[in-house]
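Notes for the one structure printed next.
The values are calculated or read from the model by the stated rules, or taken from the named source; none is laboratory data. It should be emphasised that the depicted structure is a prediction, and the values quoted were computed from it without experimental measurement. Counting neighbours? That spans all protein chains shown, and the Cβs are built from the backbone with ideal geometry, glycine included.
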Amino acid sequence: MTLRAKKALVAVGILVATSCGVEDPVFPDVSLATGDAVAFGVWSPGPNDTCSAEIHDQYAALGPDGLRYPTWHPPSDPATGCTFGHEHGRDPSGSDLYGLVGPIPFGYANQHLEAGGFGAPRNEDHVGHKVEWENDMLMSVGDGGSAAIAIACDLLVKMHQGTHSPDAFANNMHEVAYHVRCSDDTGFSITVLSPIGTAGELVAGCDRDRHIPAGTPNPPISPDGGGKRAIPDAACVQERILSPSDGRPRFDSALRESWEISVSLRTAENRSLASFNPYFQVMDPSRFYDAGAAGTVGRPVDLCYVAGVQGEDRCEGLPSDTLSWDDPRSPFKGVRRFVDVNSNRIRNSEGPSVWYTDSLGKNGRTEPFPGSIRQWLSVHDNQTYDLHGPVIGRDRDYDGPGVHAPN
Amino acid sequence: MKPIHAHIALILALLSVPGVSSAQAPAGGSSGGLWWEVSAAAGGMRLSCLLCDPTRELGPTASAAFGTYAGPSVRIGLEAGGWANDDEDVREKVYRAGLVGQLHPRPGSGLHLIGGLGWSGYRAELFSYDALRLTLGAGWDLPLIGNWVAGNRVLLDASSFASLKNDAGTVATSVGLSVLTFGVYVRKQ
């Protein structure tokens, strides 16, 4: 059976599944906000940006807590044509789940971290929030199941993945909002602050066995998590750009970042309710780890002016005068991204569909508690089959008018 | 499905078109005598359940049967066979075994009705399905030489109310399996 035919058949199933969902679309008016979240209003224009902070802050969402949060906006404001200099990925309004989810509040899990019992704050920058989605994804079922079973899912995900600063070198806590609905009744909407890999260290992007201490994480009490943050370092740059064995520099191979998260929503008794482990990949970060550089940050665009690299590969067509790392003409601004969806597991056959957890996705209870986040899960159990998603977004990049690092 | 399997299945289906034969053949047996036959066919397999891929997958089948005559127009026996298809990287297989009966409603006519009862098993790597099977069909005998007969037939294997499982447990319940085949056979009777 062709991929297209399978998609057409299971899309009907998703339509039925989502239309029978227990959630009604509710997009409350942001003017009803009782205050601003910490994440709101933190962006201000740089010298290359033509939009004002006021225009930027018009793009806001009302969080479930009644606070005003920043949310997705295009790289340029359609009303004025001004540019923000950064982008947040794919417009979520095209997702089949947008009617259920609405505008995604950026920084919601960060906002409630301390109130939920964690001993320190963790706030992230604005530009790192990236949205990706796919409708009617044909899933695969492991161990031969794909031959017999046809399941499709709609996915809408927001990951905070800043690839322009040293933040992720040592800091492993990053916010993810993950919404999935599938034709087999697998479904969940989970927002957490996910510890990715070991706090205070990164894994070399070109050699996953090489763990590199990168300093004290922020916050210092960041717990270790599953997965890893594979980030390029100076050795990767040396091996694949500056001194490649065949003389041909390969930027994509050297610079590719892969944030391989492993999120598990758990009850207070530590029973897993749902889990997912997508890999968020960026081909063109504007940084790499360099212990010998100022702030431990190396800039890929600087490599384009090294003899033997100039004009090669991603440096082709760049002006001969040195570009700064945040120049809009730099090809290294973190706009080429894709997601390996991977596993989507749910074990909630007993229900209920609404759980409340802390910002880390733990301590799940059926009643809200201070600092808790409302999580939605379908009443379903798919543990007998390994529901895997495809790679999405590989054929897209999110460059736009005025976009530049930091992005 | 790999193209080679599609081609084999198509050829077998064309060979089995009833219109290619018009001659009649006698049932040819006598009570207590033995018969055996082999057949090849094109088969369309489909699993039916909430999660199942609803497409009928095409693949070749083969089967063999032997038995005796319960009367001049009634053959009974045992049969076994299988169906296969490559769905991308996964080989799907359906095995079948059980009792078969063939009845010539008009003595001397090649037309015969087929009924069967047995087991069908679906396998695709770690996924499996086992169920009681009913078979219904019809065939048309063409005399060859001596006690040899060839012919074409259409069969429907149907199973239901079983579970699709893997090593982790039950994946789907109330799963149906059907295999519709068009094929040819040779019988020594």
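A:Phe106 satisfies every condition listed in (1) within 14 Å of another protein chain (Cβ to nearest Cβ); (2) assigned to a loop (DSSP other than H, G, I, E, B); (3) surrounded by 21 or more Cβ atoms within 10 Å (Cβ to Cβ) except (1).
Any chance you could count how many residues in segment A:342-383 are acidic (Asp, Glu), in contact (Cβ under 8 Å) with a residue 40 or more places away in the chain and within 30 Å of A:Ile149 (Cα to Cα)? Of the residues in that region, 0 qualify.
Within segment A:349-373, the residues that satisfy the criterion of being surrounded by 14 or more Cβ atoms within 10 Å (Cβ to Cβ), under 29 Å from B:Leu51 (Cβ atoms) and not aliphatic (A, V, I, L, M) are A:Ser353, A:Trp355, A:Thr357, A:Gly361, A:Gly364.
Each residue in segment A:148-170 was checked for being outside any loop (DSSP other than H, G, I, E, B), of a type in the set (Gly, Ala, Ser) and modelled with pLDDT of 95 or more, and 3 of them qualify.
Note on segment A:384-407: among residues that are without any contact (Cβ under 8 Å) to a residue 60 or more places away in the chain and in a loop (DSSP other than H, G, I, E, B), the one that is surrounded by the most Cβ atoms within 10 Å (Cβ to Cβ) is A:Thr384.
Restrict the check to segment B:88-96 and report whether at least one residue is aromatic (Phe, Trp, Tyr), in a strand (DSSP E or B), within 14 Å of another protein chain (Cβ to nearest Cβ) and within 13 Å of B:Ser63 (Cβ to Cβ). Looking for residues that are aromatic (Phe, Trp, Tyr), in a strand (DSSP E or B), within 14 Å of another protein chain (Cβ to nearest Cβ) and within 13 Å of B:Ser63 (Cβ to Cβ), one finds none in segment B:88-96, hence no.
Within segment B:28-54, being touching a Leu at 6+ places or on another chain (Cβ under 6 Å) and away from chain A (no Cβ under 14 Å) holds for B:Ala40, B:Ala41, B:Ala42. Examine segment A:263-277 for a residue that is touching a helix residue (DSSP H, G or I) at 6+ places or on another chain (Cβ under 8 Å) and in a loop (DSSP other than H, G, I, E, B), and state whether such a residue exists. For segment A:263-277, residues touching a helix residue (DSSP H, G or I) at 6+ places or on another chain (Cβ under 8 Å) and in a loop (DSSP other than H, G, I, E, B): absent. Residue count for segment A:19-46 satisfying the condition of being within 23 Å of A:Phe84 (Cβ to Cβ), modelled with pLDDT of 95 or more and not polar (S, T, N, Q): 11.
Results for (1) crowded, with 18+ Cβ neighbours inside 10 Å; (2) closer than 30 Å to A:Trp133 by Cα, shown as yes or no for each residue.
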{"residue": "A:Val301", "(1), (2)": "yes, yes"}
{"residue": "A:Cys304", "(1), (2)": "yes, no"}
{"residue": "A:Ala307", "(1), (2)": "no, no"}
{"residue": "A:Gln310", "(1), (2)": "no, no"}
{"residue": "A:Asp313", "(1), (2)": "yes, yes"}
{"residue": "A:Ser320", "(1), (2)": "no, no"}
{"residue": "A:Ser324", "(1), (2)": "no, no"}
{"residue": "A:Arg337", "(1), (2)": "yes, yes"}
{"residue": "A:Val341", "(1), (2)": "yes, yes"}
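Considering segment A:306-351 alone, what residues qualify as being under 30 Å from A:Gln375 (Cβ atoms) and of a type in the set (S, T, N, Q)?
Initially, segment A:306-351 is screened for residues under 30 Å from A:Gln375 (Cβ atoms), giving A:334, A:337-351.
Passing the criteria: A:Asn342, A:Ser343, A:Asn344, A:Asn348, A:Ser349.
Go over the candidates B:Gly101, B:Gly108, B:Gly116 one by one and state the one that is away from chain A (no Cβ under 13 Å), outside any strand (DSSP E or B) and either touching a His at 6+ places or on another chain (Cβ under 7 Å) or not hydroxyl-bearing (Ser, Thr, Tyr) (or both).
On the way: B:Gly101 fails: outside any strand (DSSP E or B); B:Gly116 fails: outside any strand (DSSP E or B).
Step by step, each of B:Gly101, B:Gly108, B:Gly116 is checked, and only B:Gly108 is away from chain A (no Cβ under 13 Å), outside any strand (DSSP E or B) and either touching a His at 6+ places or on another chain (Cβ under 7 Å) or not hydroxyl-bearing (Ser, Thr, Tyr) (or both).
Within the set B:Ala124, B:Ala162, B:Ala80, the sole residue that is under 18 Å from the mean Cα position of the chain (by Cα) and free of Cβ contacts under 8 Å to residues at least 40 places away in the same chain turns out to be B:Ala80.
Answer yes or no as to whether B:Glu57 is within 16 Å of B:Asp157 (Cβ to Cβ), within 10 Å of chain A (Cβ to nearest Cβ) and touching a strand residue (DSSP E or B) at 6+ places or on another chain (Cβ under 6 Å).
yes
Can you find even one residue in segment B:85-93 that is touching a Leu at 6+ places or on another chain (Cβ under 6 Å) and either free of Cβ contacts under 8 Å to residues at least 60 places away in the same chain or buried (at least 18 other Cβ atoms within 10 Å of the Cβ) (or both)? Let's see the steps before the verdict.
Let us first name the residues in segment B:85-93 that are touching a Leu at 6+ places or on another chain (Cβ under 6 Å), namely none.
No - not one qualifying residue is present in segment B:85-93.
Scanning segment A:189-232 for residues that are out of contact with any helix residue (DSSP H, G or I) (no Cβ under 9 Å at 6 or more places or on another chain), within 27 Å of A:Asp252 (Cβ to Cβ) and part of a strand (DSSP E or B) yields A:Val203, A:Arg208, A:Asp209, A:His211, A:Lys228, A:Ala230.
Within 14 Å of another protein chain (Cβ to nearest Cβ), in contact with a Phe, Trp or Tyr (Cβ under 8 Å, 6 or more places away or on another chain), surrounded by 19 or more Cβ atoms within 10 Å (Cβ to Cβ) and of a type in the set (Ser, Thr, Tyr), is that true of B:Tyr122? Reasoning before the result, please.
Numbers: within 14 Å of another protein chain (Cβ to nearest Cβ): yes; in contact with a Phe, Trp or Tyr (Cβ under 8 Å, 6 or more places away or on another chain): yes; surrounded by 19 or more Cβ atoms within 10 Å (Cβ to Cβ): yes; of a type in the set (Ser, Thr, Tyr): yes.
It is true that B:Tyr122 is within 14 Å of another protein chain (Cβ to nearest Cβ), in contact with a Phe, Trp or Tyr (Cβ under 8 Å, 6 or more places away or on another chain), surrounded by 19 or more Cβ atoms within 10 Å (Cβ to Cβ) and of a type in the set (Ser, Thr, Tyr).
Determine whether segment A:315-329 contains at least one residue that is hydroxyl-bearing (Ser, Thr, Tyr) and under 18 Å from the mean Cα position of the chain (by Cα). So that I can check it myself, show each step before the final result.
Step one: filter segment A:315-329 for residues hydroxyl-bearing (Ser, Thr, Tyr), giving A:320, A:322, A:324.
Then keep just the ones that are under 18 Å from the mean Cα position of the chain (by Cα); that gives none.
No, that holds for no residue.
So in segment A:122-168, with the set limited to residues that are of a type in the set (S, T, N, Q) and surrounded by fewer than 22 Cβ atoms within 10 Å (Cβ to Cβ), which one is nearest to the other protein chains (Cβ to nearest Cβ)? Steps first, answer last, please.
We begin by selecting, within segment A:122-168, every residue of a type in the set (S, T, N, Q); these are A:123, A:135, A:140, A:146, A:161, A:163, A:165.
Filter again for surrounded by fewer than 22 Cβ atoms within 10 Å (Cβ to Cβ), leaving A:123, A:135, A:140, A:165.
Working: A:Asn123: 41, A:Asn135: 19, A:Ser140: 10, A:Ser165: 42 Å.
Restricting to residues being of a type in the set (S, T, N, Q) and surrounded by fewer than 22 Cβ atoms within 10 Å (Cβ to Cβ), the top hit is A:Ser140.
Which residues, taken from segment A:245-266, are of a type outside the set (A, V, I, L, M) and within 16 Å of A:Ser194 (Cα to Cα)?
Taking segment A:245-266 first, the residues of a type outside the set (A, V, I, L, M) are A:245-253, A:256-260, A:262, A:264, A:266.
If the condition is that a residue be of a type outside the set (A, V, I, L, M) and within 16 Å of A:Ser194 (Cα to Cα), then A:Ser258, A:Trp259, A:Glu260, A:Ser262, A:Ser264, A:Arg266 are the ones that fit.
Can you tell me how many residues within segment B:135-189 are assigned to a loop (DSSP other than H, G, I, E, B) and either small (Gly, Ala, Ser) or within 14 Å of chain A (Cβ to nearest Cβ) (or both)? Please lay out each step first, then the result.
Step one: list which residues in segment B:135-189 are assigned to a loop (DSSP other than H, G, I, E, B), which gives B:144-147, B:167-168, B:189.
If we keep only those that are either small (Gly, Ala, Ser) or within 14 Å of chain A (Cβ to nearest Cβ) (or both) too, we end up with B:146, B:167-168.
Adding up the residues that qualify gives 3.
Of all residues in segment A:55-72, those being of a type outside the set (Asp, Glu), assigned to a loop (DSSP other than H, G, I, E, B) and surrounded by fewer than 22 Cβ atoms within 10 Å (Cβ to Cβ) number 5.
Part of a loop (DSSP other than H, G, I, E, B), out of contact with any helix residue (DSSP H, G or I) (no Cβ under 6 Å at 6 or more places or on another chain) and either closer than 19 Å to A:Asp36 by Cβ or modelled with pLDDT under 95 (or both), is that true of A:Pro78?
Numbers: part of a loop (DSSP other than H, G, I, E, B): yes; out of contact with any helix residue (DSSP H, G or I) (no Cβ under 6 Å at 6 or more places or on another chain): yes; either closer than 19 Å to A:Asp36 by Cβ or modelled with pLDDT under 95 (or both): no.
No; evaluated as a whole, the condition is false for this residue.
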